[in-house]
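As C-alpha cells, the structure follows; a few thoughts come after it.
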Amino acid sequence: MDIVVRRITDEDRDEWFRMRKGIWPDAPDEYLHSDMGDILASESDAVFMAFVDTTPAGMIEASLREYGESCETSPVGYIESWFVYPQFRGRGLATVLLGAAEDWARGKGCTEMASDTWLDNEVSIRAHLKAGYFEVERLVHFVKRL
C-alpha cells in the first residue's frame, strides 16, 4: 500500500468537501463550504490529504491558534478536523496525516500541538491517545435562551 500525503489545492476542493461531510453529516452544505476558500488562502491554516494508491483516503485540517487548553506556548498548532474513510481505517493513515500537520506546525515555529473532540467520541479519543496526545481537561458548554 502506497500512502502519499500532500497539501491540498483548489482542485481537491470537492473531495475535501466530501470528507468534511463525513465528519459533520448533519451540517448544512453551505456551512461546510463557507470557510473553505479562506482556509485555502490562509498562511495560518493547512489541509493535508492522504492518498492510497492515488485514491483519496483521508484528510486533516490544521491551524495556528493563539491559545490551546493547557498549552504553555503561543502560537500552538491545532487539529481542527481529521477524517479517514472507513475502508482505509486501521492502516496508519491517521498517524501519517497527524505527522504532516505536526511537521507543518513545527515549521511555523510551534512547539505544541493541540486538538479536541466531543466527550462521547470514543473513537477519536482513542485515536488521539494512540498518537501520543494526552487529555488535559473536559469542558461542558451551556446556553441560555434570552
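A few points about this structure:
- Of all residues in the range 17-34, those that are more than 19 Å from A62 (Cβ to Cβ) have Cβ atoms under 9 Å from Cβ atoms of residues that are of a type in the set (K, R) and assigned to a helix (DSSP H, G or I), 6 or more apart or on another chain, in A27/R20; A27/K21; D29/K21; H33/R13; H33/R20.
- Conditions (1) within 12 Å of the chain's Cα centre (by Cα); (2) loosely packed, with under 10 Cβ neighbours inside 10 Å; (3) small (G, A, S); number of the one not met by A101: (2)
- Sole residue being touching a strand residue (DSSP E or B) at 6+ places or on another chain (Cβ under 7 Å) and of a type in the set (S, T, Y), chosen from Y85, Y133: Y85
- Total residues in the range 8-29, condition within 20 Å of A100 (Cβ to Cβ) and either in a helix (DSSP H, G or I) or polar (S, T, N, Q) (or both): 13
- Note on the range 67-106: residues that are modelled with pLDDT of 95 or more and among the acidic types (D, E) amount to 3.
Matching residues to (1) part of a loop (DSSP other than H, G, I, E, B); (2) of a type in the set (S, T, N, Q); (3) surrounded by 15 or more Cβ atoms within 10 Å (Cβ to Cβ):
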site: I60; (1), (2), (3): no, no, yes
site: S70; (1), (2), (3): yes, yes, no
site: F83; (1), (2), (3): no, no, yes
site: T111; (1), (2), (3): yes, yes, no
site: L129; (1), (2), (3): no, no, no
site: Y133; (1), (2), (3): yes, no, yes
site: R138; (1), (2), (3): yes, no, no
site: K144; (1), (2), (3): yes, no, no
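- Residue check for F17: over 30 Å from F134 (Cβ atoms), modelled with pLDDT of 95 or more and surrounded by 14 or more Cβ atoms within 10 Å (Cβ to Cβ): yes
- Candidates are the residues of the range 113-127 that are of a type outside the set (D, E, K, R) and in a loop (DSSP other than H, G, I, E, B); the one that is nearest to V96 (Cα to Cα) is S115.
- Test: residue in the range 19-29 that is under 26 Å from G92 (Cβ atoms), of a type in the set (A, V, I, L, M, F, W, C) and out of contact with any strand residue (DSSP E or B) (no Cβ under 6 Å at 6 or more places or on another chain): yes
- Number of the exception - I39 against (1) under 17 Å from the mean Cα position of the chain (by Cα); (2) assigned to a loop (DSSP other than H, G, I, E, B); (3) aliphatic (A, V, I, L, M): (2)
- Test result for S115, surrounded by fewer than 17 Cβ atoms within 10 Å (Cβ to Cβ) and of a type in the set (S, T, Y): no
The values are calculated or read from the model by the stated rules, or taken from the named source; none is laboratory data. Everything quoted here is computed from the prediction, not taken from an experiment. Quick reminder, even Gly has a Cβ in these numbers, built from the backbone with ideal geometry, and neighbours come from all protein chains shown.
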